[in-house]
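*Asks:* What follows is a single structure, and I will ask about it in a moment.
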Amino acid sequence: MKVANASVRGSNRKSTIIIGVVGAMVMVLFLVQALAAVGNDVQAAELAAEKTVNLAQVPANATSTIEYTIVITNTGDMTADNVSMTDALDSGVSYISGTLDAQAVNGLGSVGEMNNVITWAGSLQDGGYAIITFQAAVTDSLPGGYIITNTAEITGTGSLLTPFAVTAVTSQTNTNIYFPIIFKSPPKLTLQATRPNSSNSWTLSWDEGGNGVIGYELQESQDPNFGSVTPESPGDVGSATSYAMSHSLSPSPIYYYRVRAVAATMVGLWSDTVSVIGGYRDDFDDDTTGWGMRRTTYLEETDAYYGSGNEQGQFVIIVGDRWDWVLASPLVPAPKVPYAIQYEAKVHDRSNLVSGGMVYGGDWNGDACPEYGNIYQTDNCFNHFYNFNYIWYGPLKLLFEQVNYLEWCPNCGGSPLKRIGPTQEIDPIIDYDHSEDWHTYRVEVRSDGARLYIDGSFERHFTDTTWINEPYFGVFASTDEYKPSIWLYKYFQVAPLD
C-alpha cells in the first residue's frame, strides 16, 4: 500500500514577555499563548489523526489537570480494520481514573488504560471517526521550562501516525527568563540502505535533521508495521547519520528500518520504511520455516516435507508416478543480484531417468501458492524459472531448463504440465561411482548469467538472463520411465556476493 506523505499543520506560537515595574521590586509577568493547544495533524493514505490539549501552559511546582483529545478519522473510501492507538503518557503526568471516554461514529472500538498507557482498538468505515478524551494530573515537582510531550501511535493502514501535543511548565521568578519563541518539530528524514555484501552486512544512512536536532533513533523490525523490533534494533544512535548492520544467514532474512530525528523537547516523524533482503539459510532442523509444495502435476502422487527419524534435519521431495513433477519453495526472496545459491543433495532411490535439483528466477504475485482451487493451472507463482535438473541413468547428467512458461495439456502425452523453453544438456556431470553420494551444488547468479560449481569445481556458465531478477527459488523432482523419484537436501543457502 502506498502511504501519502504525512503533513504537520500548525502555526508558530509567540511568547510575549511583559515586564512592569512596581516600586523597587521587578515583577516578571509572562504569558505563553496557546503553546501546542493543537499538537499536530498527521495524515496517511486512509487515516488522519489529530491530538490536542486544553492547556498550553501550567505553573511549575503545582498540581494541575489537563485534558487530551485524540481524533482518528478514516479519510479513505474503504473500511479501515484493525485500527490501533497507543498513547504512553509523559512521565510528568499521570492518568486520572474514570476520565477516559471514547465515541465512534460509523465505527466500533474499545478503549482501555493500564500503567499510564491509553489504548483504543477498532474499525472505522469510510468517513467514520473516533474521539478519545481523558484527563491527566501534572506532577507538582515539575520545574519551570519543562515541556510535557504526549505522542500517540496509531496504525491500521500499513503506516504509523504519531500526532502529539505539548504543554509548557512555567514559573515566576525575580530574574528575567528566556523562553523559546517557536517550538518546531524536527523534519522527517530520508532513509536509504546499501545492498548486503558477502558478509551479509549493510549500511543505513539518512540526511541531517538540521538546527535543534541532538540525535537520531533508528529501529529495525521484521514486521513492516513495526509491531515489535528485533533484539539488534539500534535505538538511540547519537548524532551519527549512518549505521552498519550485520546478521547471520537465516530462514527469515527480510528486515525493515525507519529513523527519526530527536530534538531537546520533541521527536520528528518516522521516515518512510526501507527494507533489506539479507542472506538466507535453512538447515531443515525447524519444520516451521515455510517450505512446501508450490507447483505439481498430480497432488496425490507428489509430496514435500521436513524429514524425521533417519531423515531428521533434511528436506525431502517425492514424485511417486511416471511423468509427474513437483516444485517446493519457502517463498522467500533472494537478495539482489549478485548472489550464490548453495545446497547439499542426493538421490535416494536410483531408478532410470528420475531427476531432481534446484530452481531459481521464479515469480510470485503474493496470492495463494499453491492455489488449491486451481492447483494445476494457477498463474500465481512459478510460471517461469530456471531449472538445474540432474537426471540419474547410472551417472548423473544435467538438463538446464529455461522455463519460459507452463502449459497444461493432460492429453498430450508425458507430463500433463509442460515446462516450455530452451534446454542445455551436460552428459555426464557426475560419474557412476559417485552418482548416489551427497554433493554440494553452487550456482552463482550474476548480471551475466549463472555459473555452476559442483563440489567446488567450476562446470559451466549459463548466459541467459531473462529471469535473472525474479527472486524466488526452490527445489525440484520429476520422473520419466521409472519411479519413484526421491531427493534429500541437507541445507539450502542463498547468500549475497560482492
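*Asks:* With the dipole of the chain worked out from charges on the C-beta (+1 for Lys and Arg, -1 for Asp and Glu) around the Cα centre, which of Q493, T63, T73 lies farthest toward the positive end?
*Replies:* The residue sitting farthest along the positive end of the dipole is T63.
*Asks:* Using a Förster distance of 35 Å, how high is the FRET efficiency between R350 and S201, based on the Cβ-Cβ distance and rounded to 0.05?
*Replies:* According to the calculation, E is roughly 0.25.
*Asks:* Same structure again: So between N61 and A264, what do we pick up on full extension, going 0.36 nm a residue minus the alpha carbon distance?
*Replies:* 71.0 nm
*Asks:* Assign unit charges at the C-beta atoms only (+1 for Lys and Arg, -1 for Asp and Glu), then state the dipole size of segment 56-181 relative to its Cα centre in Debye, rounded to the nearest 20.
*Replies:* It works out to roughly 280 debye.
*Asks:* Continuing with this model, one more query. Using 7 Å Cα-to-Cβ label points, what is the I131/D101 separation (nm, one decimal)?
*Replies:* 0.9 nm
*Asks:* If each residue of separation counts as 0.36 nm, what is the full-extension length gain between S228 and V274 once their alpha-carbon separation is subtracted?
*Replies:* Computed gain between S228 and V274 is 15.0 nm.
*Asks:* Could you list E208, E46 so that the one with the fewest beta carbons within 10 Å of its beta carbon is first and the one with the most is last?
*Replies:* In increasing order of surrounding Cβ atoms, one gets E208, E46.
*Asks:* Which shape class applies to segment 350-498: rounded if a/c is under 1.5, otherwise prolate when a/b exceeds b/c and oblate if not, where a ≥ b ≥ c are the square roots of the Cα gyration tensor eigenvalues?
*Replies:* oblate
*Asks:* Arrange the following residues from fewest to most other Cβ atoms within 10 Å of their Cβ: H434, H247.
*Replies:* Ordered by Cβ neighbours within 10 Å, fewest first: H434, H247.
*Asks:* With contacts defined as alpha carbon pairs under 8 Å and 6 or more residues apart, what's the relative contact order of the chain in percent?
*Replies:* Relative contact order for the chain comes out at 13 percent.
*Asks:* Could you list, in their original order, any pairs among K418/K490; K418/K483; K336/K397 whose Cα atoms are separated by more than 22 Å?
*Replies:* K418/K490; K336/K397
*Asks:* Given Cβ point charges of +1 (Lys, Arg) and -1 (Asp, Glu) and nothing else, what value in debye, to the nearest 20, does the dipole of segment 191-278 about its Cα centre take?
*Replies:* Dipole of segment 191-278, to the nearest 20 debye: 120 debye.
*Asks:* For the charge dipole of segment 191-278, defined by +1 on Lys and Arg C-beta atoms and -1 on Asp and Glu C-beta atoms about the Cα centroid, which residue among T194, S242, T230 has the Cα displaced farthest towards the positive pole?
*Replies:* T194
*Asks:* Suppose R0 equals 45 Å. What FRET efficiency, 1/(1 + (r/R0)^6) with r the Cβ-Cβ distance, do D77 and S457 give to the nearest 0.05?
*Replies:* 0.15
*Asks:* Can I ask one more? May I ask you to sort Y393, Y472 by Cβ crowding, counting other Cβ atoms within 10 Å and putting the fewest first?
*Replies:* Y393, Y472
*Asks:* Moving to a separate point now. So if I place +1 on the C-beta of Lys and Arg and -1 on the C-beta of Asp and Glu, and nothing else carries charge, what would the dipole magnitude of segment 282-496 be about its Cα centre? I want it in debye, nearest 20.
*Replies:* I would put it at about 420 debye.
*Asks:* Please name which of T167, G320, T479 has its Cα lying farthest along the dipole of the chain towards the positive end, using unit charges on Cβ (Lys, Arg +1; Asp, Glu -1) and the Cα centre as origin.
*Replies:* T167
None of the figures in this text is laboratory data; all of them are computed from the coordinates on show. The structure presented is a predicted model; accordingly, all values stated were derived computationally and were not measured. All Cβ positions, even for glycine, are placed from backbone atoms using ideal geometry, and neighbour counts span all protein chains on display.
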